[in-house]
Amino acid sequence: MKLRALLSMPELRLRAVTGEEGLDREIRWVVTTDLIDPGRYLSGRELVLTGLVWWTRPEDSETFVRALADAGVSGLAAWDVARGAIPDDLVAACERHRLPLFRVPEDVAFATITEQVVRRLSVARAADLRAVLDRHRRLVEGLGLDPVLELVGRDLGLRCWVLTPTGRLIAGPPPDADPAALARAYLAAPRLPCVHEGFSILPVAAETTSRAADWFIACESDMTEWPAERRALTDELAAIVALERARLDDRLSAGGRLAQELIRLVAAEGTEIASHLKLAGADPGAAYCAVAATAGGGLRPGELRTVLAEILPGRPLIGVLGEEAIALVPAAEDPAPALRRSLADLAPALDSLAAGVSGLVAPGELRGAVEEARYARRLAATRTEPVCAVGHDELGTHMLLLAAVPDDVRHMFKERLLDPLRTYDEIHRADLIRTLESFLQHSGSWTRCAHHLHLHVNSVRYRIQRIEELTGRDLSRLEDRVDFFLALRLRRPPES
């Protein structure tokens with residue numbers, strides 16, 4: 001499908017703003033992003049949709065468009081509902097980088113564009129299945145995937161089911177095999193598709209979606225015995241399932257946008273959130289906990305949000321702030337144990353994931369709960385396990401107190417104490433900060449600190465003396481030791 005085809009889709013009413021010379025570019029997929037530099041998540045020939053949430057100043061447009069151009073994106077479709085216009089600097093940046101830019105009508109949802117484009121892509125690829133789908137048109141009538149699976153089973157003799165990585169059944173009757181066992185086979189398979197106890201397991205969108213955030217199709221048949229026609233058919237079925245999954249993605253729905261805005265407000269300082277909590281459909285009388293998570297290994301923030309929505313109980317409100325996903329979970333009890341079990345199940349498909357869970361709080365205390373969850377998440381990131389969730393009960397009481405301190409105060413306190421040591425270490429490679437950490441961990445014992453660092457005691461004494469000279473502090477005083485201890489705890493571990 002070419003970009004030019006977008007202009008002939010009356011249901012979208014897209015208008016080319018600039019880049020008409022590039023309208024013959026091919027579209028491979030559709031991606032929605034609010035990141036200012038999404039390049040790492042793009043692989044080329046995408047149509048990118050953006051609501052310009054990333055835009056704060058004119059210079060941001062150059063950063064955003066350059067990232068798209070470097071990734072080989074085919075085109076960009078944008079609209080800013082809040083401003084009611086596309087910024088001139090975004091148009092200029094697209095012209096500089098020769099990136100076709102489309103204006104999205106205010107009343108056309110990004111989910112509609114995704115659905116229509118993916119449908120055209122799927123139809124173009126699904127020649128073998130198109131006759132069946134066109135005859136019945138059950139999917140496009142909004143009846144979901146069950147009628148499609150019924151058609152495939154009845155007309156083609158292939159019983160199929162659609163499941164999530166946790167084993168939750170999306171479509172199809174209860175399968176003869178244990179859904180949890182099928183999910184485990186899907187997650188642990190060295191390569192997909194694969195065969196597990198007579199069931200063929202196929203990913204829905206392996207090229208564009210991380211395994212932990214994808215759906216999969218289980219077919220009651222051994223794919224190693226399939227003819228080429230049946231293999232092609234299941235590829236087209238996967239494309240149709242991907243379309244339905246995109247249709248059900250709530251990130252750009254009204255509820256999803258409200259949840260994102262609520263998370264942004266809760267994380268901000270000095271903002272009243274009670275009315276926004278009610279507007280987002282949350283129960284103002286319920287107890288909540290906060291969950292903060294980051295992931296590495298190619299699991300994108302939006303996909304991390306999908307994973308949390310799948311494994312957290314109830315109807316959590318989830319938003320993404322940069323690389324971090326934050327969820328507000330209505331709960332009657334601590335969800336951390338269940339979260340750990342779910343993450344353990346998903347671990348075979350996760351390179352790294354750090355999550356933190358706060359204690360239960362009233363709605364008026366959500367901001368502190370988010371800070372507490374973030375501290376727990378940072379602690380999880382320091383653990384040796386690549387996939388780890390830390391609950392509030394694992395945080396020291398000093399961390400709970402620090403959660404209530406404003407960000408700028410914490411930053412100033414930490415930098416004032418540790419910056420002289422960091423600068424000295426960078427210049428002289430003296431390892432003063434590591435020595436300070438070890439000294440405090442061993443309660444000021446010269447001998448144990450020296451043994452831990454594999455140094456002579458006199459070397460430790462010299463380093464501590466240098467620390468005192470650089471900071472003007474006395475490590476024989478309890479007050480100064482406490483200050484250093486807190487400053488070291490305030491350091492954010494590097495993100496994945």
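Of the set (1) modelled with pLDDT of 75 or more; (2) closer than 18 Å to residue 334 by Cα, all apply to residue 400 but (1). Each residue in the range 310-326 was checked for being free of Cβ contacts under 8 Å to residues at least 40 places away in the same chain and under 23 Å from residue 285 (Cβ atoms), and 5 of them qualify.
What do you reckon, is residue 5 in contact with a Gly (Cβ under 7 Å, 6 or more places away or on another chain), under 27 Å from residue 242 (Cα atoms) and either aliphatic (A, V, I, L, M) or in contact (Cβ under 8 Å) with a residue 60 or more places away in the chain (or both)? Step through it out loud before you land on a result.
Numbers: in contact with a Gly (Cβ under 7 Å, 6 or more places away or on another chain): no; under 27 Å from residue 242 (Cα atoms): yes; either aliphatic (A, V, I, L, M) or in contact (Cβ under 8 Å) with a residue 60 or more places away in the chain (or both): yes.
It is false that residue 5 is in contact with a Gly (Cβ under 7 Å, 6 or more places away or on another chain), under 27 Å from residue 242 (Cα atoms) and either aliphatic (A, V, I, L, M) or in contact (Cβ under 8 Å) with a residue 60 or more places away in the chain (or both).
On the basis of being within 25 Å of residue 182 (Cα to Cα), buried (at least 22 other Cβ atoms within 10 Å of the Cβ) and touching a Leu at 6+ places or on another chain (Cβ under 8 Å), does residue 237 make the cut? The answer is yes for residue 237. Taking residues in the range 59-88 that are outside the structural domain of residue 19 (by TED's automatic domain parsing) and without any contact (Cβ under 8 Å) to a residue 60 or more places away in the chain, and partners anywhere that are surrounded by 15 or more Cβ atoms within 10 Å (Cβ to Cβ) and not in a helix (DSSP H, G or I), not one pair has Cβ atoms closer than 7 Å while being at least 6 places apart or on different chains.
Annotation: residue 474 fulfils all but one of (1) part of a helix (DSSP H, G or I); (2) modelled with pLDDT of 90 or more; the unmet one is (1).
So, residue 339, is that one within 25 Å of residue 487 (Cα to Cα) and either modelled with pLDDT under 85 or in contact with a helix residue (DSSP H, G or I) (Cβ under 9 Å, 6 or more places away or on another chain) (or both) or not? Spell out how you get there, then give the answer.
Details: within 25 Å of residue 487 (Cα to Cα): no; either modelled with pLDDT under 85 or in contact with a helix residue (DSSP H, G or I) (Cβ under 9 Å, 6 or more places away or on another chain) (or both): yes.
No, not satisfied.
Has the range 373-386 got any residue that is touching a Phe, Trp or Tyr at 6+ places or on another chain (Cβ under 9 Å), surrounded by 19 or more Cβ atoms within 10 Å (Cβ to Cβ) and at pLDDT 90 or above? No, that holds for no residue.
Taking the conditions (1) surrounded by 16 or more Cβ atoms within 10 Å (Cβ to Cβ); (2) more than 20 Å from residue 207 (Cβ to Cβ); (3) among the hydrophobic types (A, V, I, L, M, F, W, C) in turn, residue 299 satisfies each one other than (2). Being among the aliphatic types (A, V, I, L, M) and in contact with a Ser or Thr (Cβ under 6 Å, 6 or more places away or on another chain) is the filter here; which residues of the range 85-116 pass it? Of everything in the range 85-116, those that are among the aliphatic types (A, V, I, L, M) and in contact with a Ser or Thr (Cβ under 6 Å, 6 or more places away or on another chain) turn out to be 90, 91, 93, 101. Based on what the data block shows, is residue 32 touching a Phe, Trp or Tyr at 6+ places or on another chain (Cβ under 9 Å), assigned by TED's automatic domain parsing to the domain that holds residue 9, of a type in the set (Ser, Thr, Tyr) and in contact (Cβ under 8 Å) with a residue 60 or more places away in the chain? Yes: the conditions hold for residue 32. Restrict the check to the range 462-471 and report whether at least one residue is among the charged types (D, E, K, R), buried (at least 17 other Cβ atoms within 10 Å of the Cβ) and more than 16 Å from residue 419 (Cβ to Cβ). Looking for residues that are among the charged types (D, E, K, R), buried (at least 17 other Cβ atoms within 10 Å of the Cβ) and more than 16 Å from residue 419 (Cβ to Cβ), one finds at least one in the range 462-471, hence yes.
The set of residues from the range 294-318 being closer than 13 Å to residue 373 by Cβ and over 8 Å from the mean Cα position of the chain (by Cα) comprises 308, 312, 316, 318.
The values are calculated or read from the model by the stated rules, or taken from the named source; none is laboratory data. All values reported here derive from a predicted model rather than from experimental measurement. Backbone-built Cβ (ideal geometry, glycine too); neighbour counts: all protein chains shown.
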